[in-house]
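Peer 1: Pasting in a structure now, in structure tokens, and then I'll have a few things to ask.
The values are calculated or read from the model by the stated rules, or taken from the named source; none is laboratory data. Here the structure is a predicted model, which means the values were calculated and not measured. In this analysis, Cβ positions are derived from the backbone assuming ideal geometry, glycine residues included, and neighbour counts consider all displayed protein chains.
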Number of protein chains: 2
Amino acid sequence: MEMPKLDVENTAGFCFACSQENPIGLKLKPVQYGEKVTAEFTAGKFHQGWDNVIHGGILYTLLDEVTAYAMLCHGIELGVTAKSEIRFKQVAPINEPIKASAWVTKLTKRLVETKGVLTLKDDTVIVDGNFLFYVWRQSKRTILWDMDGVIADSYFFHFAAWQETFAKRGIKFTKEAFNKLFGTRNDFIIGTIIGRELPERDVKIMVQEKEENFRRKATGNIKPFPGAIRLLNAIKKGNFKLGLVSSAPKDNIDLVLSELNLKGIFNCVVFGQEVSESKPSPQIYLLAAKKLEMTPNDCVVIEDSPLGVTAAKTAGMKCLAITNTHPRQKLDEADKIVDSLENVDLITLLIRVQKVARIRKKEI
Amino acid sequence: MEMPKLDVENTAGFCFACSQENPIGLKLKPVQYGEKVTAEFTAGKFHQGWDNVIHGGILYTLLDEVTAYAMLCHGIELGVTAKSEIRFKQVAPINEPIKASAWVTKLTKRLVETKGVLTLKDDTVIVDGNFLFYVWRQSKRTILWDMDGVIADSYFFHFAAWQETFAKRGIKFTKEAFNKLFGTRNDFIIGTIIGRELPERDVKIMVQEKEENFRRKATGNIKPFPGAIRLLNAIKKGNFKLGLVSSAPKDNIDLVLSELNLKGIFNCVVFGQEVSESKPSPQIYLLAAKKLEMTPNDCVVIEDSPLGVTAAKTAGMKCLAITNTHPRQKLDEADKIVDSLENVDLITLLIRVQKVARIRKKEI
């Protein structure tokens, strides 16, 4: 029984099954991995029915909970339980870890079918069940991704490209300076480094040179950050809206999407030239929300730069920050900070980023 | 939503649903009345799923628990849950009383089918469910009834009959004396009152006189104690063994059973003349257990007299005492004392009398 090692920090609210603050609750920490949502639970003496055996109601609670999360990971924010059919196969002992798993078996516009199973450490099935739900409310959750430093491990190629461009003009370009500016628009970087207004033509030539350098260096060499592709695919499968929001020029975006085989995965791509102000202005994120016909409140942004986090938060969005480029203390404006997307599943992205009462299925 | 006013004193063990000692449990107090087992529960904020709504797992626990008790009341000590099918009809709010009811719909040697339902105060159905169980173990519980003072309200007729018999011989017979002796055998009463050994022939004549007096007075006038007939019928329906164990002569027993329409309800009748020693000797109860092929440990005795309680406990049986004839403090050898059978249901008789971990269904 292997559990994926994902982030399972507190969810709020008082849910009997999954709240970490409910003093009598089961304190489940469900994680989504691939098709399944799983949670581990070891019952104690207070979860007994008859001596040393877990109460049937507790077993049902485990199934019910992972099922609700499995639906949530498929974009069903509220599912009305129509019926459940549970089969008990084996005695369920206390003081031994039980794994609860659930997955969606059928999804139409109106109905969701799920299957759940409880197993012992040796994979013996204790209970399995089928659930049928009516779709009550589709999730509107929209995930907006920054590209460089979040999806694409492009830092080195960008830094080297800038260094070459500035060096040709006798200007020293340090890693420290780049660290502050990575993720903002090219004209913003040039202006900040040069320290004075350049004629627009000169800026354009520098940008062109830098991006040619970048694309030459990056082509065939660019790699995704660990966990990014898995998470993108999970979101896509869950039927949530995906946006790519990058300060980079369109050519770079096309290159990266093509190199990483991500063409067509985003419902919308917004690039730097489409707005008049660079991050930390919220303009680019607000434009993405508008294009996707979503309110900022429905959007979760994934960012790696302090200026990007500021842009997202100023736009009124939730923000998950990754320490791919900047240390934790520089990103503390974000709602949640992680060291790698490897530790992030759909549940973290949909619920734990928000630190508010999770939205879950309604039993009516 | 009316709940029968039955005794619901502590059941032991740590059952999540029904133990009164489980600090995180639901502390249900199921009662059996007629065909149904019911329990009331008001969920608090720690039983929530999403805000203000009871978690589906808690709802299932309620159904599961009353179902287990309904089976128990039909003599199924251990039922293996094969499957359950639950339908959710209506939102289940916290802070409002929910009534859980369950009843057996089909019972064969190998299978039990039950139905359960959760309702609000206005009888709105929230959830209903069907359960299928395999019969794992039939209950061996056997209920042994004393007759006079327990089933039949015969005290007055016996007292008057003795008074008449003794008065004819110039002997004063007080209520105080009778109170101590009611429930023991006639020869024991005569010996105790006269204070010396009488010739067997004289005893026989006095007994004959007294019983003739009794039957004359009782015929057409004798009444059952409140609750006794209902409880007898519930036990019979539940397929438990029933024994009548009385110090009275056979003719009296036949008269009472006929007067109260109880002929044929007992699997076995043991009367005073069948044993050599009167209560408080355990002889008569041990003989009943032997006739029914049960161990004393499987037997629950219902008694009204201190000497009868002593007989039952000396026989190694459980004993429920009723204060129909004697005050509570005289009966404290019993496992449980009640003021009337009106407050006693099958659950009290099968479980609460024992004050030991209740036996319940096994989820395998």
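Peer 1: Free of Cβ contacts under 8 Å to residues at least 60 places away in the same chain, acidic (Asp, Glu) and on the phi > 0 side of the Ramachandran plot: does that describe B:GLU293? Give the derivation first.
Peer 2: Numbers: free of Cβ contacts under 8 Å to residues at least 60 places away in the same chain: yes; acidic (Asp, Glu): yes; on the phi > 0 side of the Ramachandran plot: yes.
So B:GLU293 passes the test.
Peer 1: How many residues does segment B:194-224 hold that are β-branched (Val, Ile, Thr) and within 33 Å of the chain's Cα centre (by Cα)?
Peer 2: If we filter segment B:194-224 for residues that are β-branched (Val, Ile, Thr), which is where we start, we get B:194, B:203, B:205, B:207, B:219, B:222.
Now narrow it down to the ones that are within 33 Å of the chain's Cα centre (by Cα): B:207, B:219, B:222.
Residues meeting the conditions: 3.
Peer 1: In addition: Suppose we filter segment B:75-85 for residues that are more than 9 Å from B:PHE131 (Cβ to Cβ) and crowded, with 24+ Cβ neighbours inside 10 Å; how many remain?
Peer 2: The initial filter retains those residues of segment B:75-85 that are more than 9 Å from B:PHE131 (Cβ to Cβ), namely B:75-78, B:80.
Applying the additional criterion that residues be crowded, with 24+ Cβ neighbours inside 10 Å yields B:76.
Summing the residues that are more than 9 Å from B:PHE131 (Cβ to Cβ) and crowded, with 24+ Cβ neighbours inside 10 Å in segment B:75-85 gives 1.
Peer 1: Could you tell me whether A:ALA311 is at pLDDT 95 or above, assigned by TED's automatic domain parsing to the domain that holds A:ALA234 and among the hydrophobic types (A, V, I, L, M, F, W, C)? Give the derivation first.
Peer 2: Values: at pLDDT 95 or above: yes; assigned by TED's automatic domain parsing to the domain that holds A:ALA234: yes; among the hydrophobic types (A, V, I, L, M, F, W, C): yes.
Yes.
Peer 1: Just to confirm my filter: which strands (runs of 3 or more DSSP E) fall fully inside segment B:52-138 and include at least 1 residues that are within 10 Å of chain A (Cβ to nearest Cβ) and closer than 27 Å to B:ILE235 by Cα? Before you say what the answer is, go through the steps one by one.
Peer 2: On the way: elements: B:76-88, B:97-107, B:111-119, B:125-138.
Those strands (runs of 3 or more DSSP E) span B:76-88, B:125-138.
Peer 1: Restricting segment B:282-299 to residues that are among the aliphatic types (A, V, I, L, M) and buried (at least 22 other Cβ atoms within 10 Å of the Cβ), which is farthest from B:ASP146 (Cα to Cα)?
Peer 2: So in segment B:282-299, the residues among the aliphatic types (A, V, I, L, M) come out as B:284, B:286-289, B:292, B:294.
Now drop any that are not buried (at least 22 other Cβ atoms within 10 Å of the Cβ), which leaves B:284, B:288-289.
Working: B:ILE284: 11, B:ALA288: 11, B:ALA289: 14 Å.
Only one residue fits best here, namely B:ALA289.
Peer 1: Another one. Could you tell me which of the residues B:SER258, B:SER247, B:SER276 is assigned by TED's automatic domain parsing to the domain that holds B:ALA228 and buried (at least 18 other Cβ atoms within 10 Å of the Cβ)? Before you say what the answer is, go through the steps one by one.
Peer 2: On the way: B:SER258 fails: buried (at least 18 other Cβ atoms within 10 Å of the Cβ); B:SER276 fails: buried (at least 18 other Cβ atoms within 10 Å of the Cβ).
The match here is B:SER247.
Peer 1: Pull out all pairs, ordered by first then second residue, where Cβ-Cβ is under 8 Å, the residues are six or more apart or on different chains, the first lies in segment A:175-204 and is over 15 Å from A:SER305 (Cα atoms) and polar (S, T, N, Q), and the second is part of a strand (DSSP E or B) and at pLDDT 90 or above.
Peer 2: Short answer, once both residue conditions are applied: none.
Peer 1: Can I ask one more? Residues A:ASN343, A:ASN297: which one is among the polar types (S, T, N, Q), touching a strand residue (DSSP E or B) at 6+ places or on another chain (Cβ under 9 Å) and not assigned by TED's automatic domain parsing to the domain that holds A:ARG185?
Peer 2: Working: A:ASN343 fails: touching a strand residue (DSSP E or B) at 6+ places or on another chain (Cβ under 9 Å).
The unique qualifying residue is A:ASN297.
Peer 1: Kindly indicate the residue of segment A:217-243 that is surrounded by 15 or more Cβ atoms within 10 Å (Cβ to Cβ) and touching a Gly at 6+ places or on another chain (Cβ under 6 Å) and also farthest from A:PHE159 (Cα to Cα) among those meeting that condition. Working first, answer last.
Peer 2: To start, the set of residues in segment A:217-243 that are surrounded by 15 or more Cβ atoms within 10 Å (Cβ to Cβ) comprises A:217-218, A:222, A:224-225, A:227-232, A:234-238, A:240-243.
Within this subset, residues satisfying the condition of being touching a Gly at 6+ places or on another chain (Cβ under 6 Å) are A:238, A:240.
Values: A:GLY238: 35, A:PHE240: 33 Å.
Of everything passing the filter in segment A:217-243, A:GLY238 is farthest from A:PHE159 (Cα to Cα).
Peer 1: Ok, one more. Can you confirm whether segment A:301-309 contains a residue that is in contact (Cβ under 8 Å) with a residue 24 or more places away in the chain, of a type outside the set (S, T, N, Q), out of contact with any strand residue (DSSP E or B) (no Cβ under 8 Å at 6 or more places or on another chain) and part of a helix (DSSP H, G or I)? Working first, answer last.
Peer 2: From segment A:301-309, those in contact (Cβ under 8 Å) with a residue 24 or more places away in the chain are A:301-309; that's our starting set.
If we keep only those that are of a type outside the set (S, T, N, Q) as well, we get A:301-304, A:306-309.
Applying the additional criterion that residues be out of contact with any strand residue (DSSP E or B) (no Cβ under 8 Å at 6 or more places or on another chain) yields A:306.
Then drop every residue that is not part of a helix (DSSP H, G or I), which leaves A:306.
Yes, because at least one residue in segment A:301-309 is in contact (Cβ under 8 Å) with a residue 24 or more places away in the chain, of a type outside the set (S, T, N, Q), out of contact with any strand residue (DSSP E or B) (no Cβ under 8 Å at 6 or more places or on another chain) and part of a helix (DSSP H, G or I).
Peer 1: Among the residues of segment B:37-51, write down those that are more than 7 Å from every other protein chain (Cβ to nearest Cβ) and buried (at least 19 other Cβ atoms within 10 Å of the Cβ). Give the derivation first.
Peer 2: Just the residues of segment B:37-51 that are more than 7 Å from every other protein chain (Cβ to nearest Cβ), to begin with: B:37-44.
Matches in segment B:37-51: B:VAL37, B:THR38, B:ALA39, B:PHE41, B:ALA43.
Peer 1: Kindly indicate whether any position in segment B:171-190 is of a type outside the set (S, T, N, Q), closer than 15 Å to B:PHE156 by Cβ and either touching a Gly at 6+ places or on another chain (Cβ under 6 Å) or not assigned by TED's automatic domain parsing to the domain that holds B:GLN273 (or both).
Peer 2: yes
Peer 1: Looking at (1) more than 19 Å from A:GLY25 (Cα to Cα); (2) surrounded by 24 or more Cβ atoms within 10 Å (Cβ to Cβ), can you tell me which one A:LEU62 breaks?
Peer 2: (1) is the only condition that A:LEU62 fails.
Peer 1: Another one. Could you list, ordered by first residue, the pairs with Cβ atoms under 6 Å in which the first is in segment A:331-345 and part of a strand (DSSP E or B) and the second is buried (at least 19 other Cβ atoms within 10 Å of the Cβ), at least 6 apart or interchain?
Peer 2: A:LYS336/A:LEU320; A:LYS336/A:VAL353; A:ILE337/A:ALA321; A:ILE337/A:LEU331; A:VAL338/A:ILE322; A:VAL338/A:VAL344
Peer 1: Ok, one more. Of all residues in segment A:139-189, which are part of a strand (DSSP E or B) and of a type outside the set (A, V, I, L, M)?
Peer 2: Let us first name the residues in segment A:139-189 that are part of a strand (DSSP E or B), namely A:142-145, A:148, A:152, A:182, A:184.
Within segment A:139-189, A:THR142, A:TRP145, A:ASP148, A:PHE182, A:THR184 meet the criteria.
Peer 1: Please work out which residue is farthest from B:ILE54 (Cα to Cα), limiting yourself to segment B:69-97 and to residues that are over 34 Å from the mean Cα position of the chain (by Cα) and of a type in the set (A, V, I, L, M).
Peer 2: Checked segment B:69-97; the qualifying residue farthest from B:ILE54 (Cα to Cα) is B:VAL91.
Peer 1: Are there any pairs, at least 6 apart or on different chains, whose C-beta atoms fall under 8 Å, with the first in segment A:120-139 and free of Cβ contacts under 8 Å to residues at least 40 places away in the same chain and under 22 Å from B:VAL80 (Cα atoms) and the second hydrophobic (A, V, I, L, M, F, W, C) and surrounded by 17 or more Cβ atoms within 10 Å (Cβ to Cβ), and if so, which?
Peer 2: So the pair list comes out as A:VAL125/A:VAL117; A:VAL125/A:LEU118.
Peer 1: Let me ask something else about it. Output the residues belonging to segment B:41-99 that are of a type in the set (Gly, Ala, Ser), more than 12 Å from B:ALA17 (Cα to Cα) and either touching a residue at least 24 places away in the same chain (Cβ under 8 Å) or in the same structural domain as B:LYS237 (by TED's automatic domain parsing) (or both). So that I can check it myself, show each step before the final result.
Peer 2: Restricting attention to segment B:41-99, the residues satisfying the condition of being of a type in the set (Gly, Ala, Ser) are B:43-44, B:49, B:56-57, B:68, B:70, B:75, B:79, B:82, B:84, B:92.
With more than 12 Å from B:ALA17 (Cα to Cα) added as a condition, the list becomes B:43-44, B:49, B:56, B:70, B:75, B:79, B:82, B:84, B:92.
B:ALA43, B:GLY44, B:GLY56, B:ALA70, B:GLY75, B:GLY79, B:ALA82, B:SER84, B:ALA92 - these are the residues of segment B:41-99 that are of a type in the set (Gly, Ala, Ser), more than 12 Å from B:ALA17 (Cα to Cα) and either touching a residue at least 24 places away in the same chain (Cβ under 8 Å) or in the same structural domain as B:LYS237 (by TED's automatic domain parsing) (or both).
Peer 1: Given (1) at pLDDT below 95; (2) in contact with an Asp or Glu (Cβ under 9 Å, 6 or more places away or on another chain); (3) part of a helix (DSSP H, G or I), identify the lone condition not met by A:LYS279.
Peer 2: The failed condition is (3).
Peer 1: I'd like to know if segment B:132-148 contains one or more residues that are of a type in the set (A, V, I, L, M) and surrounded by fewer than 22 Cβ atoms within 10 Å (Cβ to Cβ).
Peer 2: Within segment B:132-148 (the criterion being of a type in the set (A, V, I, L, M) and surrounded by fewer than 22 Cβ atoms within 10 Å (Cβ to Cβ)), the answer is yes, since at least one residue qualifies.
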